[in-house]
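The values are calculated or read from the model by the stated rules, or taken from the named source; none is laboratory data. Keep in mind the model is a prediction, meaning the values are calculated, not measured. Cβ sites come from the backbone with ideal geometry, for glycine too, and all protein chains shown count toward neighbours.
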Amino acid sequence: MPMPVSIEHVFDVSARVAKPLEFGDTGLGERRVIDITGGAVSGPRLAGRVLPGADFQIIRASGLTELHARYAIQAEDGALIYVVNDGIRFGPKAALDALKRGEPVDPDLIYFRSVPRFETSAPKYSWMMESIFIASGARRPDAVELCVYRVG
């Protein structure tokens with residue numbers, strides 16, 4: 001039998017975000033692009049800062065938001081780590097509408113999960129390209145918070 005799955009908390013991300021660019025309904029859903037302007041990374045296996053990037057979103061008619069974030073992390077030792085983070089966010093219509101207006105929403109009301117992938121040339125962080133990761137997120141009016149876990 002295969003080994004059972006476990007998870008290990010490896011770090012947290014607090015990324016500052018700008019006001020969304022609203023493209024309207026493009027036929028696939030409502031397109032939004034949200035600049036990632038910076039932030040911090042802290043945790044037992046990685047610490048550093050979030051470098052600028054963006055989150056490219058589609059909001060479906062049901063309210064389900066597909067998330068496709070691309071940005072970089074600069075570790076405390078200067079190593080650069082490229083991040084591709086794909087996920088979904090969903091919850092009650094009233095809570096989703098409040099999030100879309102930029103209002104605070106209790107994170108317990110929103111299902112926000114993602115699968116980040118990492119790319120780096122730094123040998124110290126090669127373990128990040130050799131594992132699967134999952135993240136649990138919370139959207140704040142001007143930030144996104146992620147708890148990142150390595151699947152063992």
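Below is a table of values for the structure above.
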{"quantity": "Contacts under 7 angstrom Cβ, first residue in the stretch 8-34 being without any contact (Cβ under 8 Å) to a residue 24 or more places away in the chain, partner part of a loop (DSSP other than H, G, I, E, B), 6 or more apart", "calculated": "ILE34/ALA18; ILE34/PRO20"}
{"quantity": "Every residue from the stretch 50-101 that is over 15 Å from the mean Cα position of the chain (by Cα), touching a residue at least 40 places away in the same chain (Cβ under 8 Å) and closer than 20 Å to VAL13 by Cβ", "calculated": "ALA75, ASP77, ALA79, LEU80, LEU99"}
{"quantity": "ARG139, sole failed condition from (1) within 17 Å of the chain's Cα centre (by Cα); (2) at pLDDT 95 or above", "calculated": "(2)"}
{"quantity": "Restricting the stretch 1-59 to residues that are of a type in the set (A, V, I, L, M) and not in a strand (DSSP E or B), the residue that is farthest from VAL83 (Cα to Cα)", "calculated": "MET1"}
{"quantity": "Residue, surrounded by the fewest Cβ atoms within 10 Å (Cβ to Cβ), within the stretch 119-133, restricted to residues that are out of contact with any Pro (no Cβ under 8 Å at 6 or more places or on another chain), in contact (Cβ under 8 Å) with a residue 40 or more places away in the chain and within 14 Å of VAL84 (Cα to Cα)", "calculated": "THR120"}
{"quantity": "Answer residue from the stretch 40-58, given it is closer than 22 Å to ARG101 by Cβ and in contact with a Lys or Arg (Cβ under 7 Å, 6 or more places away or on another chain) and is surrounded by the most Cβ atoms within 10 Å (Cβ to Cβ) among those", "calculated": "GLN57"}
{"quantity": "Leading residue by the ranking (surrounded by the most Cβ atoms within 10 Å (Cβ to Cβ)) among those in the stretch 59-105 that are among the acidic types (Asp, Glu) and modelled with pLDDT under 95", "calculated": "ASP97"}
{"quantity": "All positions within the stretch 91-119 that are in a loop (DSSP other than H, G, I, E, B) and of a type in the set (Asp, Glu)", "calculated": "GLU103, ASP106"}
